[in-house]
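Participant: Shown below is the structure under consideration.
Laboratory data are not the source of any read-out in this text; all were calculated from the coordinates shown. Everything quoted here is computed from the prediction, not taken from an experiment. Every residue, glycine among them, receives a Cβ derived from its backbone with ideal geometry; neighbour counts consider all protein chains shown.
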Amino acid sequence: MRLEPVVGDDPREILRSLRSALHGAGPALGLGMVRDAPTEVPAGTAVVVTTSGSTGVPKSVVLTRDALTAGALATADRIGDGAWLLALPPSYVAGLQVLVRSIVADREPAWLTGGFTPRAFTAAALMMLSTDRGTRIPTYTSLVPAQLTTLLDAAASDESVLRGLRSFEQILVGGQAVAPATLERALDAGVRVVRTYGATETSGGCVYDGRPLRGVSVRIVEGEIQVAGPTLADGYLGDPGATDLAFPRDPDGTRWYRTGDAGILEDDLLRVRGRIDNVIVTGGINVSLDRVERVVRSIPGLESAVVVGVPDARWGEASVAVVPRGEALRRSESVQLEEARAAVTEEIGAHARPNRLVLVDEIATLPSGKPDREAIRAAVVALHRP
């Protein structure tokens, strides 16, 4: 089967090609393809999404028609059917799934005019409001946490933004953990948010508010979250070794995806604890940067902090909290750092305390909206290089 690379993020072009690919009439789409990638894909492939993730290592994930459709149908089964607003890049799996859900529901999606801003989001959201034979058509969208925070900030002084947010039956939020303070703000504002968990390899979010979607199974093996079900990707294009490693099979033939995320199951609810490999060794002790980040984000003014590990002459490695300058409260950096260090000491231990707080004009992000941790780490190292 032929793979046709798509250049750029034009939602019209991607929607047109995606509709053809899902119906089996056209070639598979190649989103974010790297040079010298294979141009032939297995039969049944709809999309190949190449993503570097936060590590910078490209992976070309093969998603079939069946997997993408299963994810869309399971989402409708969980939260309902309706019209979707595309507010994310369609080359990112969460944005791609907005288009898939629209195609499966046989509804035209809406999208923003220009880039993402509170004004553009609100205009698109309020224009979607409509009825069918007197019954309101539910609307949905998918965001990353940074977008939700931006909209909540704007809604505090602009009633129209708040109306736009409240107009959605549900807003899916994923891509990274949502700070508890952000969830509380959304709840207080009357905004209906669903936290999603998943990956490109699972056709996007497959666990909503801790509960797997229909047909999806979750287990914990040696602390790692593994996922099975009809939404799994076929594997990595042109890399059978990596595919076998990431998608092991049980003796009964059940195929699982090893997420690389740490987690636990409590009362059948999945709780994600961060990346297994996002760990530094400081003073001979392993420290999960994800865990430190969660605690730091509980401090007022540090809700958007990103914690990275950097070389340290004394301890080998140390953690640094990086915060957008515009979101930090009007207190000195030293005061906020001490508050963060105290909270981390109480929750985790003194060994895990961040040793610096760095204010930046803007947090570097990947196209998906996730923090670009490698770029952030490199910038911090360069900033403090002798």
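Participant: Hey, what did the chain get for relative contact order, percent, Cα under 8 Å, at least 6 apart?
Facilitator: Answer for the chain is 12 percent.
Participant: Can I ask one more? Could you sort 213-222, 68-77 so that the peptide with the highest average Cβ count within 10 Å comes first and the rest follow in order?
Facilitator: Top of the packing list down: 68-77, 213-222.
Participant: Run the quick spin-label model on residue 16 and residue 133: label points 7 Å from Cα toward the beta carbon, then report their separation in nm to one decimal.
Facilitator: Distance between the two pseudo-spin positions: 3.3 nm.
Participant: For every helix of n ≥ 4 consecutive DSSP H residues, a contribution of -39,500 (n - 2.57) applies; sum these over the chain, divide by its total residues, and give [θ] at 222 nm rounded to the nearest 500 deg cm²/dmol.
Facilitator: -9000 deg cm²/dmol
Participant: Tell me the net charge near residue 105. Cut-off is 15 Å between Cβ atoms, residue 105 excluded, with +1 for each Lys or Arg and -1 for each Asp or Glu.
Facilitator: After counting each charged neighbour, the total is -2.
Participant: Within 10 Å of each residue's Cβ, count the other Cβ atoms and sort 127, 33 from fewest upward.
Facilitator: So the residues, fewest neighbours to most, are 127, 33.
Participant: Suppose the chain between residue 187 and residue 242 were pulled fully straight at 0.36 nm per residue; how much longer would it get relative to their current alpha carbon spacing?
Facilitator: 15.7 nm
Participant: Rg and Dmax of the chain over Cα atoms: what are they, in angstrom?
Facilitator: When restricted to Cα atoms, the chain yields Rg and Dmax of 21.1, 70 Å.
Participant: In whole Å, what are the extents of the range 278-383 along the principal axes defined by its C-alpha atoms, from largest to smallest?
Facilitator: In descending order, the Cα extents are 34, 27, 23 Å.
Participant: Now for a separate question. Using Cβ counts within 10 Å as a stand-in for footprinting exposure, how do 368, 20 rank, fewest first?
Facilitator: 20, 368
Participant: Still on this model: Would you please give the residues with an amide H less than 5 Å from that of residue 141, counting only those at least 5 places away or on a separate chain, with H modeled from the backbone geometry?
Facilitator: It is 85, 170, 172, by chain and number.
Participant: Related question: With +1 on the Cβ of every Lys and Arg and -1 on the Cβ of every Asp and Glu, and nothing else charged, how large is the dipole of the range 3-201 about its Cα centre, in debye rounded to the nearest 20?
Facilitator: Charge dipole, the range 3-201, about its Cα centre: 240 debye, nearest 20.
Participant: Further, regarding this structure: Could you give the size of the charge dipole of the range 250-386 about its Cα centre, using +1 on the Cβ of each K and R and -1 on the Cβ of each D and E, expressed in debye and rounded to the nearest 20?
Facilitator: In total the dipole reaches around 460 debye.
Participant: In which sequence would 40, 339, 317 go, from the one with the fewest C-beta neighbours within 10 Å to the one with the most?
Facilitator: Ordered from fewest to most neighbouring Cβ atoms within 10 Å, 40, 339, 317 come out as 40, 317, 339.
Participant: State the extension gain, in nm to one decimal, for the chain segment bounded by residue 338 and residue 43, taking 0.36 nm per residue of separation less the distance between their alpha-carbons.
Facilitator: 100.5 nm
Participant: Only residues of the range 156-193 count here: report those whose backbone N is under 20 Å from the spot 7 Å along Cα→Cβ of residue 126, or say none.
Facilitator: Once the point is set 7 Å along Cα→Cβ of residue 126, 156-171, 189-192 turn out to lie under 20 Å by backbone N, inside the range 156-193.
Participant: Just to be sure I understand: of the beta bridges DSSP finds with both ends in the range 43-144, what percent are antiparallel, rounded to 5?
Facilitator: Antiparallel bridges make up about 60 percent of those DSSP assigns within the range 43-144.
Participant: Moving on to the next point. Hey, got a sec? Which trypsin sites (Lys or Arg not before Pro) in the range 284-333 land in a DSSP loop and have at most 13 other Cβ atoms within 10 Å?
Facilitator: 314, 330, 331
Participant: Where both partners of a DSSP beta bridge lie in the chain, what percent of those bridges are antiparallel, to the nearest 5?
Facilitator: Looking only at bridges with both residues in the chain, the antiparallel portion is about 65 percent.
Participant: Among 7, 207, 229, which residue has its Cα furthest toward the positive end of the charge dipole of the chain, with +1 on Lys/Arg Cβ and -1 on Asp/Glu Cβ?
Facilitator: Going by the Cα projections, it comes out as 7.
Participant: Restricting the count to DSSP beta bridges whose residues both fall in the range 278-383, what percent are antiparallel, rounded to a multiple of 5?
Facilitator: In the range 278-383, approximately 70 percent of DSSP beta bridges are antiparallel ones.
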